[in-house]
1. When the chain is fully extended, how far beyond the present Cα-Cα distance does Asn190 get from Ser75, taking 0.36 nm per residue of separation?
2. Taking θ = phi - 60°, what integer Hz values does the Karplus form 6.51 cos²θ - 1.76 cosθ + 1.60 yield along region 26-42, in sequence order, with x for Gly and Pro?
3. Let me know the shape class of region 48-132, please: from the alpha-carbon gyration tensor, a ≥ b ≥ c as square roots of the eigenvalues, rounded when a/c is under 1.5, otherwise prolate if a/b is greater than b/c, or oblate.
4. With a 1.4 Å probe and all protein chains kept in place, how do Arg21, Arg59 rank by accessible area, largest first?
5. What does the helix-only formula give at 222 nm for the chain: each DSSP H stretch with n ≥ 4 adding -39500 (n - 2.57), the total divided by the residues, and the result rounded to the nearest 500 deg cm²/dmol?
6. Would you mind computing the Rg to Rh ratio of region 33-78 from its alpha-carbon coordinates, Kirkwood style for Rh?
7. Report which label in (1) 9, 31, 33, 15, 8, 3, 0; (2) 8, 29, 32, 22, 8, 1; (3) 9, 32, 37, 19, 3, 0 holds the value of P(r) over Cα pairs in 10 Å bins from 0, in percent derived from the coordinates of this structure.
8. With a Förster radius of 25 Å, plug the Cβ-Cβ distance of Glu58 and Asn17 into 1/(1 + (r/R0)^6) and report the FRET value to the nearest 0.05.
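The values are calculated or read from the model by the stated rules, or taken from the named source; none is laboratory data. Owing to the predicted nature of the structure, the values given are computational and were not obtained by experimental measurement. We place every Cβ from the backbone using ideal geometry, glycine too, and count neighbours over all the protein chains shown. Ligands, DNA and RNA are excluded from the accessible area calculation, which covers all protein heavy atoms including side chains. Shrake-Rupley method; radii C 1.70, N 1.55, O 1.52, S 1.80 Å.
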Amino acid sequence: IPYLEGLKNKELEKSLNEKYRKEGEQLFEEFKKEMEEMKNSGGFLNVDSGFFVKTDTERLLSIGRFTTMTQASSSSTVKYDNIDKIDGVLITLPSLFKNDDYIDVISENIKLQMIEKMKADPNLVYWVETGEGNQGMAKPFEKISPDQNFYISEEGKLVISFDKYEVGPGIMGIQEFEIPTEIIADLLVNDLYIR
């Protein structure tokens, strides 16, 4: 699990470290429970968990925490925290925008990106309406959630992240979409983080 040190806002630092500790403990307890239940069935379970720093600038720190669980198949998740190190605040997706209009704007851009990626590479499959019929497709992606998982890149770009199976088949893994700043610029509260 990550452990933060040196943030100006000691309360934020303490609360994030506590959250990370609790997440780690909960994951371990769930693993032990699953193993106990599988004791007599001879099943297999592997859990891999860790963290990485996605962005570390003078102002921004974006930390990703990943978990991959493997049984008959695997599932992968990543959770991001975006921290303003100077002002000592946790940045949420809604806090970046003036109102909820960002949900539809970002969602439509992601749909376009999915369609373009599939046109460029026939091996890619996203669960998105293309207008060409989608028989047998899982429920198509409609829109991001207001608190969708995201990080801010070193270059100041908003990147929306989806867990494995969220917008495509498992073979696609975790999917990320960089949102062009020009389409959201007028919706942003300021240009402090996104450029």
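1. Numbers: separation 115, 0.36 × 115 = 41.40 nm, distance 3.61 nm.
Between Asn190 and Ser75, full extension yields an extra 37.8 nm.
2. So the Karplus estimates, Gly and Pro as x, are 5, 4, 5, 5, 5, 4, 4, 4, 4, 5, 4, 5, 8, 3, 8, 8, x Hz.
3. The shape class here is oblate.
4. Numbers: Arg21 90, Arg59 55 Å².
My answer, sorted largest first, is Arg21, Arg59.
5. Working: 3 runs with 53 residues, N = 195.
Using -39500 (n - 2.57) per qualifying helix, the result is -9000 deg cm²/dmol.
6. Values: Rg = 15.8 Å, Rh = 12.7 Å.
With Rh from the inverse mean 1/r over Cα pairs, Rg/Rh is 1.24.
7. Structure-derived value, by its label: (2).
8. On the way: r = 22 Å, r/R0 = 0.87.
In this case the efficiency is close to 0.70.
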